[in-house]
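**Student:** Dumping the structure here so I can ask a few things about it.
The values are calculated or read from the model by the stated rules, or taken from the named source; none is laboratory data. Here the structure is a predicted model, which is why all the values come from computation and not from measurement. All Cβ positions, even for glycine, are placed from backbone atoms using ideal geometry, and neighbour counts span all protein chains on display.
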Amino acid sequence: MSKDLKSYETLSTYSSASSDYAVASEEFWGFISDDTVSQLDLRPGDRVLDFCCGPGPMTIRAAERVGPTGAVEGVDILEEMLDITRRRAHERGLGQVTVRRGDVDNLPDGDGSYDVVNCSLGIYFAQDMARTLAAFWSYVRPGGKLAITTIGRRLFEPVLPVFFEACQAEQPGMGTYLPWIRTEDPEVVRALLDEAGVTDAVVTSSETAMPLRTPGAWWPVVHGSGLRRLEVELGATAEARVRQRCEEWIAEHHVTEINVGAVRAIATKKAVRGTSPAQEGLSAGSNRGENRAQ
Ligand SMILES: C[S@@+](CC[C@H](N)C(=O)[O-])C[C@H]1O[C@@H](n2cnc3c(N)ncnc32)[C@H](O)[C@@H]1O
């Protein structure tokens, strides 16, 4: 594992952030799953596997698309996240959702039976990202899709540099390593997919301006995101000062939105030679009662 990744302490960060992340995932991060779902052409009856599902923004949206004849499995390393996804699916009457604990660093080979395998905002936590991507690919049926979404450059600009500066002022030398910088470059994502044997991926990047309605709206973003590790490290008194510094700066500079960049890769697995699209769907275990033109 990279030394920097080890220093991040992914599990304690997301374990303590789980319920705040769940709120932020509805109010802030959900647009990433909306965008992904809109690009996947999910159909009733499809089978979807959602790695690093967290509180389930993509799991729930995919389940709504595939309907009761489909199936969506959410996989996460943290039980706290799985509990939230399970509860949300139950509240919405989505019996087609199941969740299970799994570690993307230790996945068994897949059976090539899923119509769509997704991982949103999670691949950068893997120790060996190419190996994990190859494992994801093994779960995709011929003709099925792999979708990977990561965070792009200029995240939370213009406020994040001010936050970092305020953290450093409190704790000089404080590490501000954040795992998503590993994949913020679309070319890095493409190279990792190539290394994993995932061919012909379409890699795109986009930037969205997210509203920051008041200066106080910044802190829930810190609280319910991977930035929480820095907040925890600061301790309550320093945290209050950093928060105040950020809010003052946002007010002084009349900041009303922050940037969120995303890098998305979607790859379709090639048909097995000599197999018709109809046979692919059936032989690979798809339970969709129709053929999809590839
Ligand atoms: C930033 S959240 C993303 C959640 C969700 N996919 C979304 O789009 O909002 C990252 C998730 O990855 C999970 N995670 C981190 N390392 C993991 C691992 N090695 N195996 C499985 N899940 C992991 C965390 O528990 C967390 O729920």
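**Student:** Of all residues in segment 1-42 being β-branched (Val, Ile, Thr) and within 8 Å of the ligand (Cβ to nearest atom), which is surrounded by the most Cβ atoms within 10 Å (Cβ to Cβ)?
**Tutor:** 32
**Student:** Just a yes or no: is a residue in segment 122-141 away from the ligand (no atom under 14 Å from the Cβ), on the phi > 0 side of the Ramachandran plot, within 18 Å of the chain's Cα centre (by Cα) and not hydroxyl-bearing (Ser, Thr, Tyr)?
**Tutor:** Taking every residue of segment 122-141 in turn, none turns out to be away from the ligand (no atom under 14 Å from the Cβ), on the phi > 0 side of the Ramachandran plot, within 18 Å of the chain's Cα centre (by Cα) and not hydroxyl-bearing (Ser, Thr, Tyr).
**Student:** Testing residue 97 on (1) more than 20 Å from residue 150 (Cα to Cα); (2) within 16 Å of the ligand (Cβ to nearest atom); (3) surrounded by fewer than 17 Cβ atoms within 10 Å (Cβ to Cβ), one condition comes back false. Which one is that?
**Tutor:** Among (1) more than 20 Å from residue 150 (Cα to Cα); (2) within 16 Å of the ligand (Cβ to nearest atom); (3) surrounded by fewer than 17 Cβ atoms within 10 Å (Cβ to Cβ), residue 97 violates only (3).
**Student:** Looking only at residues that are among the charged types (D, E, K, R) and under 20 Å from residue 145 (Cβ atoms) in segment 181-210, which one is surrounded by the most Cβ atoms within 10 Å (Cβ to Cβ)?
**Tutor:** Filtering first and then ranking leaves 190.
**Student:** Moving on to the next point. Tell me which residues, restricted to segment 165-178, are of a type outside the set (A, V, I, L, M) and assigned to a helix (DSSP H, G or I).
**Tutor:** 165, 167, 168, 170
**Student:** Scanning segment 179-200 for residues that are among the aliphatic types (A, V, I, L, M) and part of a helix (DSSP H, G or I), which turns out modelled with the lowest pLDDT?
**Tutor:** 181
**Student:** A further question on this structure: Tell me yes or no: at least one residue of segment 65-78 is crowded, with 21+ Cβ neighbours inside 10 Å, in a helix (DSSP H, G or I) and more than 9 Å from the ligand (Cβ to nearest atom).
**Tutor:** Scanning segment 65-78 turns up at least one residue that is crowded, with 21+ Cβ neighbours inside 10 Å, in a helix (DSSP H, G or I) and more than 9 Å from the ligand (Cβ to nearest atom).
**Student:** Would you call residue 245 crowded, with 20+ Cβ neighbours inside 10 Å and either within 15 Å of the ligand (Cβ to nearest atom) or not in a loop (DSSP other than H, G, I, E, B) (or both)?
**Tutor:** The answer is no for residue 245.
**Student:** Let me ask something else. Looking only at residues in segment 212-231 that are β-branched (Val, Ile, Thr) and under 17 Å from the mean Cα position of the chain (by Cα), which one is farthest from residue 57 (Cα to Cα)?
**Tutor:** Residue satisfying both the conditions and the ranking: 222.
**Student:** Collect the residues in segment 116-141 that are closer than 21 Å to residue 203 by Cβ and assigned to a strand (DSSP E or B), keeping them in residue-number order.
**Tutor:** 116, 117, 118, 119, 120, 140
**Student:** Quickly run through segment 151-164 and pick out the residues that are outside any helix (DSSP H, G or I), of a type in the set (A, V, I, L, M, F, W, C) and at negative phi.
**Tutor:** Within segment 151-164, 151, 155, 159 meet the criteria.
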